[in-house]
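Worksheet: one structure, shown below.
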Amino acid sequence: MNKIQVRDAQANNLQHVSVDIPLQKLVVIVGKSGSGKSSFVYDVLFKASQGQAVRAKVSKLPKTLVLAQSVELLAYKSFGETNLARLTKALKEIKKSELLIVDEPCAGMAREDRQLVLNLLKKTVKKGVSVIVVEHSKDIIIGADYVIEFGPESGSGGGEVIFQGSRDKFKKAKTPTSLYAFSNKASVVQYDRDANKKALCMKNKRLTIKGITKNNLKDVSISFPLCGLVCITGSIGSGKTTLLSVIYSVLFKGKNAWKIRAGAKVKSIDGKVNVRRSYFVDQSSLSPISTSTPATYLGIWDSIRDTYAKLPQSKKLKLTKSSFLINKIISQSAKDKIEKVSYAGKSIFDVSNMTVDDAVKLFDAVPLVKRKLSFLQEVGLGYLALSQRSNTLSGGEAQRVRLAKILSKKLGDRCVYILDVPSRGLRLSDLPVLMKVLQKIIDKNNTVVIAENREEIIQNCDYVIAL
């Protein structure tokens, strides 16, 4: 057996996918978020390896170990450190002729660390282990033996294998990912600045923090201009995440500020008077409530229910806004009644199964709904289904939903927004989209500080602090 054969796979948006995966090779799976990569890896390959029923014909699989994405960081560890520690442990456990599936092992890592991961994976393959990696990093894609790309788009526009073959064939294939992997296209951001007058004045001001001591940072001083995109970069364990937490804590002016500042020592801060508030846009789950969705988080469902409640059919059937709370348990008769109400031929149950992109088209004549949906499109999440639960999102997706929330508000000014690895989960072609969103926040007289190691983003920052 020198390959895994999968035929007619169906799961989520996978559309009768058939693919051959060579064994004892480094195989990289690429594609947009929501293109079907995770469905294929988790709902087909891994389930089949565990003897679970899947909607596909899958040939015999080796003993399989999966290293899934996790937003739970190890104690006192950054994303990169957590990823490397988990990967190193897995590589020690895996044995010859077994299969290792790894999801984004290079998230948050600098180039030298990504090369370290690539070398570790290649050495593991040489020992007779089969490795499948879901990854967006150029280094891993270019270093692969074999590439499988899902697409062509996300959600209902994805679920197909648009390329499978050797790395050399992939380079010539001109697919959405290969065009970016073997060029500098991901670094090109075409954005017309629209900075307001206050933002232009703020550019001459700085924030300076001296004598920072926390974790592995010992008496470190930093200074950076306000009203720009500031990037903190550095290898694993250099203190990027720690520095982000210090910047956030010294600027925080809310309740129990002393608790947030615990554990950090700072000798002096200059320029704090120019900052109104600080926000940490993290990657944790959006809500502990199991029924929460990005659409409820942004108030989209509230506006959609309001739209349905105002329809003549609703008034005739005496249905109110609360009648259209479709997450609650309702009787069949109540459901039948609700389904009689339609907007542009679609019931609210039909809408729940739509993607953000499809819903924008449906509610084109309802400005408030369209506006709220457009913020998810703006951060590259148009492929999400309106009914998708928040606890099923990746860390990168959750962070982008939070960015959409920021955009949906009337942006204040003189704020500092802090993000740890905002590119997590983004393929190369999505990076310019992220940069435009960050620039829009900056143009309203705000500062964005990120910890990031992807060169495509670093090249577009206004100021870089290397640790």
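Regarding the stretch 434-453, can at least one residue be identified that is closer than 27 Å to D350 by Cα, among the acidic types (D, E), at pLDDT 85 or above and more than 17 Å from the chain's Cα centre (by Cα)?
No, the stretch 434-453 contains no residue that is closer than 27 Å to D350 by Cα, among the acidic types (D, E), at pLDDT 85 or above and more than 17 Å from the chain's Cα centre (by Cα).
Return the residues of the stretch 349-378 that are surrounded by fewer than 12 Cβ atoms within 10 Å (Cβ to Cβ) and outside any helix (DSSP H, G or I); say none if nothing qualifies.
D364, A365
Considering only the stretch 330-348, how many residues are surrounded by fewer than 14 Cβ atoms within 10 Å (Cβ to Cβ) and either within 24 Å of Y383 (Cβ to Cβ) or in contact with a Pro (Cβ under 9 Å, 6 or more places away or on another chain) (or both)?
The qualifying residues number 2.
Go through (1) surrounded by fewer than 24 Cβ atoms within 10 Å (Cβ to Cβ); (2) touching a strand residue (DSSP E or B) at 6+ places or on another chain (Cβ under 8 Å); (3) closer than 21 Å to S394 by Cβ one by one and return the number of the condition D113 breaks.
(2)
Could you tell me whether any residue of the stretch 160-170 is aliphatic (A, V, I, L, M), assigned by TED's automatic domain parsing to the domain that holds L99, surrounded by 19 or more Cβ atoms within 10 Å (Cβ to Cβ) and touching a helix residue (DSSP H, G or I) at 6+ places or on another chain (Cβ under 6 Å)? Steps first, please.
Quick first cut of the stretch 160-170, residues aliphatic (A, V, I, L, M) only: 161-162.
After this cut, where a residue has to be assigned by TED's automatic domain parsing to the domain that holds L99 as well, the list is 161-162.
Imposing the further condition that a residue be surrounded by 19 or more Cβ atoms within 10 Å (Cβ to Cβ) reduces the set to 161.
Right, trim to touching a helix residue (DSSP H, G or I) at 6+ places or on another chain (Cβ under 6 Å) and you get none.
No; the residues of the stretch 160-170 include none that is aliphatic (A, V, I, L, M), assigned by TED's automatic domain parsing to the domain that holds L99, surrounded by 19 or more Cβ atoms within 10 Å (Cβ to Cβ) and touching a helix residue (DSSP H, G or I) at 6+ places or on another chain (Cβ under 6 Å).
If you go through the stretch 15-61 one residue at a time, how many are in a loop (DSSP other than H, G, I, E, B) and out of contact with any strand residue (DSSP E or B) (no Cβ under 8 Å at 6 or more places or on another chain)?
6
Residue check: is V66 at pLDDT 90 or above, part of a helix (DSSP H, G or I) and buried (at least 17 other Cβ atoms within 10 Å of the Cβ)?
Details: at pLDDT 90 or above: yes; part of a helix (DSSP H, G or I): no; buried (at least 17 other Cβ atoms within 10 Å of the Cβ): yes.
So V66 fails the test.
Can you tell me how many residues within the stretch 300-329 are buried (at least 17 other Cβ atoms within 10 Å of the Cβ), under 20 Å from D364 (Cβ atoms) and over 36 Å from the mean Cα position of the chain (by Cα)?
Qualifying residue count for the region: 0.
For the stretch 109-135, give me the residue count where each residue is in a loop (DSSP other than H, G, I, E, B) and in contact with a Lys or Arg (Cβ under 7 Å, 6 or more places away or on another chain). Break it down into steps so the answer makes sense when it comes.
First, the residues of the stretch 109-135 that are in a loop (DSSP other than H, G, I, E, B): 109-110, 127-129, 135.
Checking the rest, the ones that are also in contact with a Lys or Arg (Cβ under 7 Å, 6 or more places away or on another chain) come to 127-129.
Count: 3.
Give me the pairs: first residue in the stretch 222-242 and under 25 Å from K440 (Cα atoms), second residue of a type in the set (D, E) and in a loop (DSSP other than H, G, I, E, B), beta-carbon distance under 8 Å, and six or more apart or on different chains, which are they?
P225/D462; G228/D462; L229/D462; V230/D462; C231/E452; I232/E452; T233/E452
The values are calculated or read from the model by the stated rules, or taken from the named source; none is laboratory data. Small disclaimer: the values here were computed from a predicted structure and weren't measured. Note that we place each Cβ from the backbone using ideal geometry, even for glycine, and neighbour counts take in every protein chain shown.
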